[in-house]
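Right, one structure below, let's go through it.
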Amino acid sequence: MALDHHTIATGRVGRGIIGSVLSGRLVWTLVSFLSLLALWALVAGLLQSRLFPGPIDVSAKFMTEAASGELGHHVGVTLLRVAAAFFVAMFIGSAIGIALGRAKGADQFFDTWLIFFLNLPALVTIILCYVWFGLTEMAAVLAVTINKIPNVAVTVREGARSLSRDLTEMAEIYRFGTWKTLRHVTLPQLAPFIAAAARGGLALVWKIVLVVELLGRPDGVGRQLYDGFQLFDVSMILAYAIAFILVVQFIELAVLQPIEARVNRWRR
Amino acid sequence: MKNGQQAIRVTVARKAFPPVADRPEQLVLSGVDLAVEEGSFVVLTGPSGCGKSTLLNIVAGLDKDYSGKLEFGHRDARLSFMFQTPRLLPWRTVEQNIRYVLDDDDADADAKVAAILERVGLSASANAYPERLSLGMQRRAALARAFVVEPDILLMDEPFVSLDDPSADSLRALLIELWNRRPTTVLFVTHDRIEAVMLATRLVRLGGTPAGIVQDSEVKLSPTERLDREKVLAARLRLFENA
């Protein structure tokens, strides 16, 4: 009987995805996207300005940049920086969050530190990292990581404060040990908090990485935007902005959403 | 299995809950000395809130804030604990919940898990998540988990409360069957006197404030008599006459 339950549940999920895509969601996305494009073309057509290129000029620029390999190179470099800063910040931030959520004394002691770093403007961290460590790759990634860690720590701390004592006792009785307890008892309870931190975090890291690149890196999307600004080449700025949006959307749909669906399988 | 040997010896000179807000310190247990013989099924009973569960948590090692002593007959005795609520991991399947209490390098894990699932009647639900099952089925999974580690000592804290009578009866029958197949030392807390008489080979009653042991009697019923309602009711009257 329970097997039936399971099959039915899986079936429902399967139909849900295909069904929603066919019955309108995709259509609506398409309609919405095309009307935005049309509005853009219309305004550009009316203005007839080099500083407000239409979709055709921008896609032409996009194509030349893509064909020369420039676009791929800069987007790839930015992506690597985002990934490095994101994973390091998630790992360290989660560890700090769990520690503070579990140990009350440490939480009280470090609370002020956390508030200090939370309110430190991103630009300050970036400038200080470049001043202290030079215009290096390490300084760039470090600056982004330091900006991100306190946000992750605060979110994960909330989760660690509300861990179930019942399940911790169960794990103790059945001798789960540190690793098994972390993997099967603690992390699943923190999953919604870590997911929230990851989502908010990715959005933040993207934006800070661009600023870091603009201020002190020879390549990356941020650098290209800066060059576009210097040359008043708005087509280039928009082409890179669109490439950036496409990559972020792709990661959202192809990576984040499937992970979330998998982690939430057990919920009723 | 050697009878006559002590499996658990717990003495609690004093157990108090620290003061909370405006409530003063609460003395719960005092002068408790309980020795449990290996292979016996000891039922701890007494009015609700008297400290039965507290004593059980002390034996489990979950509560270390007391003055007294805890010893086990086995060095490194393997414990199982069936709690009042099933305490299954909701994000893991029934099968995973049972597998994870076994050692990672246990080569027979697959066979053990399959066998215990079969015995408690959950083979068809092995891949279901606990919250999709009824409370009775979740309790079966918790019972399977408690037995799969082949414990030296099995602790149970009112494991069959808030079930309807038929479900509770079938779980009790299952417990008796599992226990007969693999006898182990059991310390079982309940306030249900009929359940106490049905299961116990020895009945220990706590009472008073702070609580101490007020009664300690053997229950001499044969396995068939335990399933006979008349016999159980008669034994209950006898055992609880001065309660």
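Overview of results
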item: Which listed residue, of A:Leu190, A:Leu167, is within 14 Å of chain B (Cβ to nearest Cβ) and either crowded, with 22+ Cβ neighbours inside 10 Å or of a type in the set (Gly, Ala, Ser) (or both); result: A:Leu190
item: Out of A:Trp179, A:Trp206, sole residue that is part of a helix (DSSP H, G or I), more than 23 Å from the chain's Cα centre (by Cα) and not acidic (Asp, Glu); result: A:Trp179
item: Residue that is in contact with a strand residue (DSSP E or B) (Cβ under 9 Å, 6 or more places away or on another chain), crowded, with 20+ Cβ neighbours inside 10 Å and acidic (Asp, Glu), where the choices are B:Asp157, B:Asp152, B:Asp192; result: B:Asp157
item: Residues located in the range B:107-153, provided they are among the acidic types (Asp, Glu) and away from chain A (no Cβ under 12 Å); result: B:Asp108, B:Asp110, B:Glu118, B:Glu150, B:Asp152
item: Hits in the range B:154-171 - residues which are touching a helix residue (DSSP H, G or I) at 6+ places or on another chain (Cβ under 7 Å), modelled with pLDDT under 90 and of a type in the set (Asp, Glu); result: none
item: Count of residues meeting criterion [within 7 Å of chain B (Cβ to nearest Cβ) and over 23 Å from B:Ile153 (Cα atoms)] in the range A:178-187; result: 2
item: Spans of strands (runs of 3 or more DSSP E) in the range B:135-243 with at least 3 residues farther than 30 Å from B:Ser125 by Cα; result: B:202-207, B:212-218
item: Positions within the range B:86-101 being facing chain A (nearest Cβ under 9 Å) and either farther than 16 Å from A:Lys180 by Cα or not in a helix (DSSP H, G or I) (or both), in sequence order; result: B:Arg87, B:Leu88, B:Leu89, B:Pro90, B:Trp91, B:Arg92, B:Thr93, B:Val94, B:Tyr100, B:Val101
item: Lone qualifier among B:Val204, B:Val232, B:Val214 - being under 18 Å from the mean Cα position of the chain (by Cα) and either without any contact (Cβ under 8 Å) to a residue 60 or more places away in the chain or under 26 Å from B:Leu27 (Cα atoms) (or both); result: B:Val204
item: Which numbered condition A:Arg175 fails, given (1) at negative phi; (2) within 14 Å of another protein chain (Cβ to nearest Cβ); result: (1)
item: Subset of the range A:33-48 that is surrounded by 10 or more Cβ atoms within 10 Å (Cβ to Cβ) and either polar (S, T, N, Q) or closer than 30 Å to A:Arg262 by Cα (or both) - its residue that is modelled with the lowest pLDDT; result: A:Phe33
item: Enumeration of residues in the range A:229-268 that are within 14 Å of chain B (Cβ to nearest Cβ), assigned to a loop (DSSP other than H, G, I, E, B) and exposed (fewer than 14 other Cβ atoms within 10 Å of the Cβ); result: A:Asn264, A:Arg265, A:Arg267, A:Arg268
item: Flag if A:Leu30 is out of contact with any Pro (no Cβ under 7 Å at 6 or more places or on another chain) and outside any helix (DSSP H, G or I); result: no
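Each row is one residue, and each column tells you yes or no for (1) touching a Gly at 6+ places or on another chain (Cβ under 9 Å); (2) small (Gly, Ala, Ser); (3) over 28 Å from B:Ala13 (Cβ atoms).
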site	(1), (2), (3)
B:Gly73	no, yes, no
B:Ala77	no, yes, no
B:Asn97	no, no, yes
B:Tyr100	no, no, yes
B:Ala107	no, yes, yes
B:Gly121	no, yes, yes
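The values are calculated or read from the model by the stated rules, or taken from the named source; none is laboratory data. Since the structure is predicted, the reported quantities are computational estimates derived from the model, not experimental observations. Heads up, the Cβs are rebuilt from the backbone with ideal geometry, glycines too, and the neighbour counts pull from every protein chain shown.
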